[in-house]
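The next block holds one structure in the form of structure tokens; read it before the comments.
The values are calculated or read from the model by the stated rules, or taken from the named source; none is laboratory data. All values reported here derive from a predicted model rather than from experimental measurement. Cβ: placed from backbone, ideal geometry, glycine included. Neighbour counts: every protein chain shown.
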Amino acid sequence: MPPTRNIKATHTGSGGSTLNHAPPKKQATRKKSSKKVAPSLLLTMPNEILAEIAKHLSPEDLLRLARTSRLWRCILMSKTSKFIWEGAFAELKMPKCPADMNEPQIVDLLFGKGCTSCLAPRTCKETFFVFRARLCKRCKEELCFETSELEKMIPLSASISVEDVSSMLPRAWVVTGRKMEEYALRSEYDSIMRVLQEYPHGSEERNVYIAEKKESARAIIESAAEMKRWFEDHEREKMIEHHKAIVMRRITITNKLKELGYTEEDLDSRFDERGWKWNSLLDISSPLTEKSWRLVFPQLSNTIELRRALKAPEFHELRRFKREGEMKAHLSESRPQLEIFAKHKLFLDADLLELPIVKELIEENECRIPVTEERWLAVWNILPQAVEDLATQIEEECDEVVHEAKKLAMQLAKDRYYAIAEKSWEEQQERFAQRSSDDEGDTEYEDIHPDEDGDTFEDIEYNYQFDNRGHQEGSVPLRLLSAQSLLEVEIEGVKTLTSYAAFLRKRASKRFFISHEPDCAERRVAWSDVNVSSSKEIVDTAESLLEDIQLTPQAKMAYMMACGSNFRCKHCFRGPAARGVTWPELVQHFLDELQAYRDLCEKNIEQRASVPLQNDHCLDVGECGRVVGGHEHVTMPHDIQNIAGGPFTDAGQSYTELAATWGFELHPGIADYLHLNGDEPAGVPFGGLADMMPYEGVEANNDIYTEKCRLCAALGVVHGEMSPMLLVAHMERKHGTDLDGNLLGGANATT
């Protein structure tokens, strides 16, 4: 494009304008100075001295120096300067110069910038050492091709195999995205094809040329690999040196600030806000000089003042965290001395932090005083008693909630029996009033009022109070060993139904791997943050299910937990309860089903939908009219009747026996791999039960549940089944109707 000249617009009298060239500017004439400038001392030096100076430069500096002036170019690019380059190469242990390159070319390839073809400033990430070039993306696409295309490119007239052509070409592997492709130069391929066309097929000259090209390609690839290895090592060393320089600058600045009286907290940048200058001033590779220190110090001191003014609460919390960590470390070191207490593992790090003396030591002087051995001694003096007190507190609180729940459940059972018996007595009285004189001697009409039936009430009381007697020292309270004694543990809003022994094991055991499962929370929180409860519904449901599987209320929790995930609900066709659940999960399942039924009843009333509803999981004889017993609701394998000593096992009754299983807990995946059932209770040997779980099928995909229940939809609930047959079963169980919504005969459905 020709250079443009300055033009200006001049107005004419008619209002138009013409474009005229501006007059050329006069160039200023230089006045020759009368002073004579002496030539540079460097230029007057003999070449031998210049060469001796150049020997101490790096190859990269030599190349830059050769490009500064004609003098240096003549010196460094001459053949006589080869010893200078070789000395610089030896200093950095660079690879020897290959036959097809000279030393300046290697240095330019290793340290140069920009595309060697089009001089574009941006190039591909990798240097193409095989091609002796740095290429931009466009030049790579224009000058190179994938060797996988050789089969299509080689003409039949060339009379040569793809393997031979490929071995004659210098090839480079290039990573493109997630793929790795082999590339070669188009110009090299064209040159080879042109020469091959000149030689007759099978001629001696052709064979010699092919052999020479193969050897040349092999040598180029080997030298390229050597250069690439050296370059990667050199870049790694540069990065290390750069990092060392940054660290040294940071250490120097930090030491200077400490000499001025600043503390470690003043130099902590973790809470800095965007715009506060700190790391950008410290993390520089240039060394710290007096001049640069005078420039950065005012900015650093300003940032420190901002931290003190705005980030004091964050630093206070950080100090508290450090003091708590020191307390936990001292507790960990003192653990072996606490092993004389069987239940010492129930005392967690979080419980230590709840002790008043620990809180006082941590908060002293705004958490600025470290926890030394002397200060820890004050905690150790009361620690053994605190460990015993916590274990006693856990036992008493769990025992109390179970005792209260059993009392309420016993009263519930009495009221339920009284209501049924009174109704039966009234019906019998009606029949008694209608009897004839011939039936006077019939014993069927000899009635007993419920108030007079003391034996039945005594049986009910025994079913709920058989374990009220005390226990020996070092043993688990009898009330907590019963199969009815389930605890609802709430930690951080997550509720879990579990047994006393299982809860202790969860609390005292540590995960072998870090886990984010909710049931891991009890190992992280103090006992004061754990909410343990039970209810009459839990105890009553457990007692009814025990009767359903033909076990007495005196069955032990250790036996029920040893049965593992082998309890199955007969009313469910999918879900965990259909595949097999543990005893606490089974009780929770029936409680959830009862709550779901009650919620639907409330919706039915609120919406006035008049949808027939039926609780197929009902365990209340008075409510559902069903006789409880004989595996009506639950099934379990017959071959586990005597596992762990049977329903009345003595396993897991002492804390020593329980504590023997406390420790590290395997990750569930590893436990499954080792065939260890993690649901078995502490104190009970692991059982060798076979896998009795049926085929689970696909449950997560809602698309397969195409048959929707219209009665559930009327209440705003979406329920689907896989087939019309299963939908019929659902409507019969949950609604007491047929597929059309008609009440079935004998169904106890409410609207």
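State which residue is surrounded by the fewest Cβ atoms within 10 Å (Cβ to Cβ) when the search covers only region 145-181 and only residues that are free of Cβ contacts under 8 Å to residues at least 24 places away in the same chain and among the charged types (D, E, K, R).
Here the answer is Arg178.
Quick check: is even one residue across region 263-279 more than 30 Å from Met94 (Cβ to Cβ), within 33 Å of the chain's Cα centre (by Cα) and in a helix (DSSP H, G or I)? I'd like the intermediate steps shown before the answer.
Going through region 263-279, the residues more than 30 Å from Met94 (Cβ to Cβ) turn out to be 263-279.
Imposing the further condition that a residue be within 33 Å of the chain's Cα centre (by Cα) reduces the set to 264-265, 267-276, 278-279.
Narrowing the set further to residues that are in a helix (DSSP H, G or I) leaves 279.
Yes; the residues of region 263-279 include at least one that is more than 30 Å from Met94 (Cβ to Cβ), within 33 Å of the chain's Cα centre (by Cα) and in a helix (DSSP H, G or I).
Going through region 152-178 one residue at a time, which ones are modelled with pLDDT of 90 or more and not in a loop (DSSP other than H, G, I, E, B)?
Scanning region 152-178 gives Lys152, Met153, Val162, Glu163, Asp164, Val165, Ser166, Ser167, Met168, Ala172, Trp173.
Of the residues Leu260, Leu281, only one is within 25 Å of Lys311 (Cα to Cα), surrounded by 13 or more Cβ atoms within 10 Å (Cβ to Cβ) and not basic (Lys, Arg); which?
Unique residue meeting the criteria: Leu281.
Restricting to region 570-588, and then to whatever is outside any helix (DSSP H, G or I) and under 30 Å from the mean Cα position of the chain (by Cα), can you tell me which residue is farthest from Val728 (Cα to Cα)?
So, considering only residues that are outside any helix (DSSP H, G or I) and under 30 Å from the mean Cα position of the chain (by Cα), the one farthest from Val728 (Cα to Cα) is Thr582.
With within 20 Å of Arg579 (Cα to Cα), among the aliphatic types (A, V, I, L, M) and at pLDDT below 65 as the only criterion, which of Met692, Met722 stands out? Walk me through it before giving the result.
On the way: Met722 fails: at pLDDT below 65.
On inspection, the qualifying residue turns out to be Met692.
Could you check region 643-669 and list, in sequence order, the residues that are modelled with pLDDT under 70 and outside any helix (DSSP H, G or I)?
Phe664, Glu665, Leu666, His667, listed by residue number.
So, of the residues in region 23-75 that are part of a loop (DSSP other than H, G, I, E, B) and under 19 Å from Gln105 (Cα atoms), which turns out to be modelled with the lowest pLDDT?
Among residues in region 23-75 that are part of a loop (DSSP other than H, G, I, E, B) and under 19 Å from Gln105 (Cα atoms), the one modelled with the lowest pLDDT is Lys55.
Determine, yes or no, whether Arg194 is part of a helix (DSSP H, G or I) and farther than 20 Å from Cys115 by Cα.
Yes; evaluated as a whole, the condition is true for this residue.
Looking at (1) more than 58 Å from the chain's Cα centre (by Cα); (2) at pLDDT 90 or above; (3) not hydrophobic (A, V, I, L, M, F, W, C), find the lone condition where Asp399 falls short.
The one condition Asp399 does not meet is (1).
Given the criteria in contact (Cβ under 8 Å) with a residue 24 or more places away in the chain and exposed (fewer than 13 other Cβ atoms within 10 Å of the Cβ), does Glu366 qualify?
Values: in contact (Cβ under 8 Å) with a residue 24 or more places away in the chain: yes; exposed (fewer than 13 other Cβ atoms within 10 Å of the Cβ): yes.
When the stated conditions are applied, Glu366 passes them.
Report yes if Ile394 is more than 22 Å from Val530 (Cβ to Cβ) and outside the structural domain of Leu497 (by TED's automatic domain parsing), otherwise no.
no
Looking only at region 263-278, count every residue that is surrounded by 10 or more Cβ atoms within 10 Å (Cβ to Cβ) and without any contact (Cβ under 8 Å) to a residue 40 or more places away in the chain and tell me the total.
Adding up the residues that qualify gives 8.
All but one of (1) at pLDDT 75 or above; (2) exposed (fewer than 12 other Cβ atoms within 10 Å of the Cβ) hold for Cys709, so report the exception by its number.
Status for Cys709: all satisfied but (2).
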